[in-house]
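Below is one structure, written out as structure tokens; comments come after it.
What follows draws every value from the coordinates through simple rules; no lab data is involved. Note that the coordinates shown come from a computational prediction; the quantities given were computed from them, not determined experimentally. Neighbour counts are summed over all protein chains in view; Cβ atoms, including those assigned to glycine, are modelled from backbone coordinates with ideal geometry.
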Amino acid sequence: MLEIPSISVKDLQEWSKMDEVLTSGHRLCAGCGAGTMARQVTLAAKALGEPIMLVNATGCLEVASTIYPYTAWNAPWVHNAFENAAATASGAIEAMNAMRRKKQMADKDAHMIVFGGDGGTYDIGIQSLSGAIERGHDFLYVCYNNGAYMNTGIQRSGGTPKYAATTTSPPGSVIPGKVKWSKPLAEIMAAHEIPTYTASPAYPRDLMGKVQTALKVDGPAFMLVDSPCNLGQRYPPNISIETTKLAVKSCFFPLYATYKDDWLLTGESARIAKNPDRKIPVEEYLKLQGRFRHLFLPEWKGKLTEIQEIVDDRWIRLVNKSTC
């Protein structure tokens, strides 16, 4: 279950010749991680050869890819409210099962992929998602975490990192940004005893291998993707991939796969576990982003030490229970 296929450069070259599922012409911001993430996910899914169906919770990816009357999706696609994407996917899956039993559609596999941002997954949609997982519906849920409600005004979410600045947790003389650490969503999903993965668009071969593994699972699987937002995280759009690489290299966002009691570090995170000298200070990741700029002021600089200590502690715990 945790064996991630090795995606080669040759694989990527061959897949790049296929028609895109997320086509050009969408209106995502320059530098938006969601578009890169969605292209990698759908390309890996399409390479498996079965039809793809998509459900998309309200959020940046949905709004910017389907400006009425246009759509950038070259596959069956459904838009939902924040709170019920997983429930809608459940209904579509069971409708297909019923139609197959009645011989009203071909008896062949179709991969169901659900996209939701951190607002629609960490917060508003977690009840629907948990219920769908408990019922055992066969889908891959991909949460693209850009660290706030970016689509509606950069308000803090359950996925916002501790001490990050948002419009509803602004830093000042009293608080240094958001005062709580982000919700451990991947661990929460893993506690449902389903295959759970973390991934980054900066490491496409790791991400795409995990997508293919997850889609072959008979039942639900979950993937948390670090999806940078240059507007809300406040950095130049041309360094989006650099920021996500630094998140991984600092162990702020480690890459792993887990199922029940098995934990597997993957990609760059596995290399860091084997060679700790590859790990970089978390400041290298934070300093590129305006949402953390206040932490480098004298009155709040102690918070950088706190963040480093938390990241180090969580990384050590992950390494201790993982294989590479």
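What to note about this one:
- For the range 1-45 and the range 114-161, distance of Cα centres in Å: 20 Å
- Considering all C-alpha pairs of the range 3-75, those separated by over 14 Å amount to 63%.
- The slack in the chain from Glu187 to Val78, taken as 0.36 nm per residue of separation less the alpha-carbon distance, amounts to 36.5 nm.
- Annotation: extensible slack from Ala110 through Ile316 equals 70.2 nm (criterion: 0.36 nm per residue apart, minus Cα-Cα distance).
- Legend: distances between Cα atoms for Lys178/Lys210; Lys178/Lys301; Lys178/Lys279; pairs beyond 23 Å are Lys178/Lys210; Lys178/Lys279.
- In the chain, helical runs assigned H by DSSP with n ≥ 4 each contribute -39500 (n - 2.57); averaged across all residues and rounded to the nearest 500, the mean residue ellipticity at 222 nm is -10500 deg cm²/dmol.
- Between 0 and 90°, nearest 10: helix 204-215 axis offset from the chain longest Cα axis: 40 degrees
- With each label modelled as a point 7 angstrom along the Cα→C-beta vector, the Lys17-Glu306 pair spans 5.5 nm.
- Averaged over residues, the count of other Cβ atoms within 10 Å places the peptides 220-228, 123-131, 51-59 in the sequence 220-228, 51-59, 123-131, highest first.
- Net charge of the neighbourhood of His192, taken over other residues with C-beta under 13 Å away and scored Lys/Arg +1, Asp/Glu -1, is -1.
- Maximal additional length on extending the Ile239-Ser24 stretch stands at 75.3 nm, based on 0.36 nm per residue less the C-alpha distance.
- Computed label-point distance, nm, for sites Glu299 and Val179 using a 7 Å Cα→Cβ extension: 1.6 nm
- Rounded tilt (10° steps) of 302-320 against the dominant C-alpha axis of the chain: 50 degrees
- Set of lysines with alpha-carbon distance to Lys183 below 19 Å, sequence-local pairs under 8 removed: Lys162, Lys303
- Cβ-Cβ FRET estimate between Tyr70 and Arg278, R0 fixed at 56 Å, reported to 0.05: 0.80
- Bridgeable aspartates and glutamates around Lys321 (alpha carbons under 18 Å apart, same-chain partners fewer than 8 residues away excluded): Glu3, Glu187, Glu193, Asp261, Asp262, Glu268, Asp312, Asp313.
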